[in-house]
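Remarks on the structure that follows.
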Amino acid sequence: MKPVNVGICNTCQGRAPSEFAIREGQVWILKNCPQCGLTESLVSTDAAAWKRKQDLHEYISREHGPCSMNCDRCNIDHKPNMVFLDVTNRCNMNCPICIATIRDMGFDFNPPLSYFDKIFAELGKMNPRPVVQLFGGEPTVRNDLIELIRSADKYGLKPHVVTNGLKLADEDYCRKLCESRVALRFGFDGRNADIYEKLRHNRPAYDKKMKALDNLRRFSRRKHAIISCAGWGFNDQYIPDLLQYCHDNRDLISDIGIIPLTENWHEGTFSVSVHTTMEDVEKMVQQSVPGGEVEFIPAGLTYAMKKARTFFRSNPRSEILLLAGVHPNCESMTLLVSDGKTFRSIGHYMKKPFSQAAVDFADRMKKIEPRLDKLDPKKFFQRLRGRWLIVRTVLPWIFGTLRLGRLIGNPITAIGRLLGKFLTKKVFRRRYAKDGTPLRRPRRIMRVAMLPFEEQHSIDAERLQNCKAVFAYEDVSDGSIRYFPACNWYAYRNPLLEKISQKYGIAGKETKEQIEAANHKA
């Protein structure tokens, strides 16, 4: 018998038995609260696309038993791939659509390095170690952010900074941050000032973000991710230009994550005429790529690559495919390929649909897992045997799936390009161009992902059950480090962080006037 799913009541925010209903091509979640009765919320405007993801991805969801969504009383180990860490609730913007809703917290959360060092020490014990996302608020308003990054490095962690980018418009600050080699997830909603006036109520932010991106190009020796918010009537018409910008700067931009406009605002402070769901943002991308053929697949499908990856990398976790194994209606993704002038869909270079090719690839990986399980990737000859098995399995897929002529072009020219890159990197070891900017290899293939920072009214327990993204914090009652599935963190966050702030105090002890002055300067 299938366990009862759980959602959050629209009225009292309590946990309630829930089920999905499809009406007029849309998906709704119905929540039958014992106290408040039946409430419902829109989940998707495209029921066919929503259901198709479940058909593509056989979700392994029952390993922990049914989920009650009472995350404060749950001790399940989610074996996270990604750990978010609130480092401050200060910010140099005041967006009405803020996912973190920090303006309502009512206290100052800016704990000292000792608090984070304790968490990093615990995360460093995980095997394999997760990717850490330094979150906020706005992390760059911390005066000790670089020291915080070094603290994470000390425990073998690879921190990323989730930033709105405004402070990076300062050349000196951007240079110093880039010297830490930290990866950034840079908030950028599009290349038009009107977007920031409509979405963020902050038109000047656009010029600062463009200046910050220019500084990154000049000072950073690595690539960074772009994180966008997208909503109908706000920036959907600018998505083609955003993708082209990412294409033209693909030596700086590693991948693109897009979050549907999430309704976290107070009544009267912001309004929308049309609700935006995950499938809506997928349509925005599909309509923006020349030639069409864009298909989105559940990111969870990439879980099939985990075992094979251990024979090529010491860490089976990819920094790009972080949510492998998650629910089919969680993160979705597609791949875009540069033809030298613009992005084309990966489907343009395939003999079969991308979704069919991805399922076929996953099936092939699953079939060889029992044989790979008998091999130890840490032993040289067994690792070679594993690699040969994987190559033998993948090669027929490559020749049966890819249009190699379209993908690599003239073979002689392609070999010449590869030799040129090899000689440039290995022989001459050039790190900087003639103008002094760092040399970074442009990506040919770029991932575009839909990122579901869930709204409380549309979340359900099944999507949290095997969640691979969590928020970490210290439980001040006993000093232990605990974790919450990312999409349910905000239901519990404020009282937990306030207790932490009371225990550790405020880093630097800045006055309210100093904080406001620093934010204004940024």
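The values are calculated or read from the model by the stated rules, or taken from the named source; none is laboratory data. All of these numbers come straight from a predicted model, not from anything done at the bench. Counting neighbours? That spans all protein chains shown, and the Cβs are built from the backbone with ideal geometry, glycine included.
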Tell me which of these M278 doesn't satisfy, since it passes every other one: (1) in contact with a Gly (Cβ under 7 Å, 6 or more places away or on another chain); (2) crowded, with 21+ Cβ neighbours inside 10 Å. (1)
Neighbours by Cβ (under 9 Å, 6+ apart or cross-chain): first from the stretch 148-170, within 22 Å of K211 (Cβ to Cβ) and in contact (Cβ under 8 Å) with a residue 40 or more places away in the chain; second buried (at least 21 other Cβ atoms within 10 Å of the Cβ) and among the hydroxyl-bearing types (S, T, Y): N164/T140; G165/T140; L166/T140; K167/T140; L168/T140
Single condition I226 does not satisfy, out of (1) closer than 19 Å to I256 by Cβ; (2) in contact with a Pro (Cβ under 6 Å, 6 or more places away or on another chain): (2)
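Going by what's in this entry, would I22 be described as touching a Gly at 6+ places or on another chain (Cβ under 8 Å) and modelled with pLDDT of 90 or more? Write out each step before concluding.
Values: touching a Gly at 6+ places or on another chain (Cβ under 8 Å): no; modelled with pLDDT of 90 or more: yes.
It is false that I22 is touching a Gly at 6+ places or on another chain (Cβ under 8 Å) and modelled with pLDDT of 90 or more.
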Just to verify a result, which residue in the stretch 209-254, among those that are under 19 Å from the mean Cα position of the chain (by Cα) and small (G, A, S), is nearest to L336 (Cα to Cα)? S254
The stretch 352-366 residues that are surrounded by 20 or more Cβ atoms within 10 Å (Cβ to Cβ), paired with ones that are part of a helix (DSSP H, G or I) and among the β-branched types (V, I, T) (beta carbon under 6 Å, 6 or more apart): F354/I346; A357/T401
Checked the stretch 451-469 for anything among the aliphatic types (A, V, I, L, M), under 14 Å from the mean Cα position of the chain (by Cα) and either crowded, with 24+ Cβ neighbours inside 10 Å or farther than 26 Å from L134 by Cβ (or both); matches are A469
Is it true that Y238 is at pLDDT 95 or above, aromatic (F, W, Y), more than 30 Å from V359 (Cβ to Cβ) and touching a Phe, Trp or Tyr at 6+ places or on another chain (Cβ under 8 Å)? no
For the stretch 291-308, name all the residues that are of a type outside the set (G, A, S) and surrounded by fewer than 22 Cβ atoms within 10 Å (Cβ to Cβ). E293, M305, K306, K307
Of all residues being more than 17 Å from A121 (Cα to Cα) and hydroxyl-bearing (S, T, Y) in the stretch 136-170, which is surrounded by the most Cβ atoms within 10 Å (Cβ to Cβ)? Just the residue, please. T140
Out of all the residues in the stretch 187-222, which are in contact with a Pro (Cβ under 9 Å, 6 or more places away or on another chain) and over 17 Å from C98 (Cβ atoms)? A193, R217, R218, F219, S220, R221, R222
Quick count over the stretch 1-39, residues being more than 22 Å from F296 (Cα to Cα), assigned to a strand (DSSP E or B) and touching a helix residue (DSSP H, G or I) at 6+ places or on another chain (Cβ under 9 Å), is 10
Consider N264 against the criteria (1) touching a Cys at 6+ places or on another chain (Cβ under 8 Å); (2) of a type outside the set (K, R); (3) surrounded by fewer than 22 Cβ atoms within 10 Å (Cβ to Cβ); (4) closer than 20 Å to M82 by Cβ: it satisfies all of them except one. Which criterion is unmet? (4)
Could you grab me the full set of residues in the stretch 309-335 that are farther than 17 Å from G347 by Cβ, surrounded by fewer than 23 Cβ atoms within 10 Å (Cβ to Cβ) and modelled with pLDDT of 85 or more? R309, T310, F311, F312
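I'm trying to understand the selection: among the residues of the stretch 488-522, which are of a type in the set (G, A, S) and at pLDDT 90 or above?
First pass over the stretch 488-522, keeping only residues of a type in the set (G, A, S): 491, 501, 505, 507-508, 517-518, 522.
Within the stretch 488-522, S501 is the sole residue that qualifies.
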Looking at the structure I just gave you, is P80 of a type outside the set (D, E), assigned to a loop (DSSP other than H, G, I, E, B), under 26 Å from Q456 (Cβ atoms) and out of contact with any helix residue (DSSP H, G or I) (no Cβ under 6 Å at 6 or more places or on another chain)? yes
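Results for (1) under 17 Å from the mean Cα position of the chain (by Cα); (2) over 28 Å from W265 (Cα atoms), shown as yes or no for each residue.
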position: L85; (1), (2): yes, no
position: M93; (1), (2): no, no
position: G106; (1), (2): no, no
position: L123; (1), (2): no, yes
position: P128; (1), (2): no, yes
position: D144; (1), (2): no, yes
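Using the structure shown, decide if V132 is under 26 Å from H78 (Cβ atoms), surrounded by 15 or more Cβ atoms within 10 Å (Cβ to Cβ) and among the β-branched types (V, I, T).
yes
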Exactly one of R250, R218 is over 29 Å from F296 (Cβ atoms) and basic (K, R), and that residue is R218
When every residue in the stretch 172-220 that is in contact with a His (Cβ under 6 Å, 6 or more places away or on another chain) and not charged (D, E, K, R) is compared, the one nearest to N235 (Cα to Cα) is F186
